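*Asks:* Let me give you the structure first, and then I'll get to my questions.
The values are calculated or read from the model by the stated rules, or taken from the named source; none is laboratory data. Because the structure is predicted, anything quoted here is derived from the model rather than measured. Cβ placement follows ideal geometry from the backbone for every residue including glycine, while neighbour counts extend to all protein chains displayed.
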């Protein structure tokens, strides 16, 4: 929950070998699952934090939208159970947006997207899943191509502001308002459409990806 975005710091040669500043935060892991489409729309984020119970003080500094989902796991990572909960969240958020009987859901290869329960729910609700090739998300995943970098930069700015206010340990109490502000700044219709365009998906243009391959 620190700055995330790497940066370069220029200092005098006299500081060579001296201790370096460590990013603020408690090194706690938080997972955010996002969903977007080629029309520039998004579904509310599904955030997974580490813990067993929700604590009121996590939310005292922010007013998160009511449709954002905050879930918990032992280590802040997703799992099969939370993967299924996210799928139901996706279903609720997109069921009325389609004119077709079927919906296409493009996923990465995480194991939580391949459980029997996950695939069964998709079949029951006419959701067709398509997994991207391994190690290709930086080329084919519109979120990676158009959204996550601006999100990291925006979140980094929020954390830097906290540092200047002498807040040097980032907990969930600080994370939620910082992430909310960064999300609003970065996950925009323009960036979403740019991600699909950059990945060569909408409009369909394979050359956008082929030209980036080191072959």
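*Asks:* Applying the selection to region 176-205, what residues are within 15 Å of residue 141 (Cβ to Cβ) and either touching a helix residue (DSSP H, G or I) at 6+ places or on another chain (Cβ under 6 Å) or surrounded by fewer than 21 Cβ atoms within 10 Å (Cβ to Cβ) (or both)?
*Replies:* 187, 191, 193, 194, 195, 196, 197, 198, 199, 200, 201, 202 - these are the residues of region 176-205 that are within 15 Å of residue 141 (Cβ to Cβ) and either touching a helix residue (DSSP H, G or I) at 6+ places or on another chain (Cβ under 6 Å) or surrounded by fewer than 21 Cβ atoms within 10 Å (Cβ to Cβ) (or both).
Each row is one residue, and each column tells you yes or no for (1) more than 24 Å from residue 184 (Cβ to Cβ); (2) in contact with a strand residue (DSSP E or B) (Cβ under 8 Å, 6 or more places away or on another chain); (3) touching a residue at least 24 places away in the same chain (Cβ under 8 Å); (4) outside any loop (DSSP other than H, G, I, E, B).
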| residue | (1), (2), (3), (4) |
| --- | --- |
| 48 | no, yes, yes, yes |
| 52 | yes, yes, no, no |
| 57 | no, no, yes, yes |
| 88 | yes, no, yes, yes |
| 93 | no, yes, yes, yes |
| 97 | no, no, yes, no |
| 100 | yes, no, no, no |
| 104 | yes, yes, yes, yes |
| 120 | yes, no, no, yes |
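*Asks:* Quick one: which of 128, 48 is in contact with a helix residue (DSSP H, G or I) (Cβ under 8 Å, 6 or more places away or on another chain) and surrounded by fewer than 14 Cβ atoms within 10 Å (Cβ to Cβ)?
*Replies:* Selected residue: 128, the only one of 128, 48 that is in contact with a helix residue (DSSP H, G or I) (Cβ under 8 Å, 6 or more places away or on another chain) and surrounded by fewer than 14 Cβ atoms within 10 Å (Cβ to Cβ).
*Asks:* Working only within region 106-118, note down all residues that are at pLDDT below 95 and part of a helix (DSSP H, G or I).
*Replies:* 111, 112, 113
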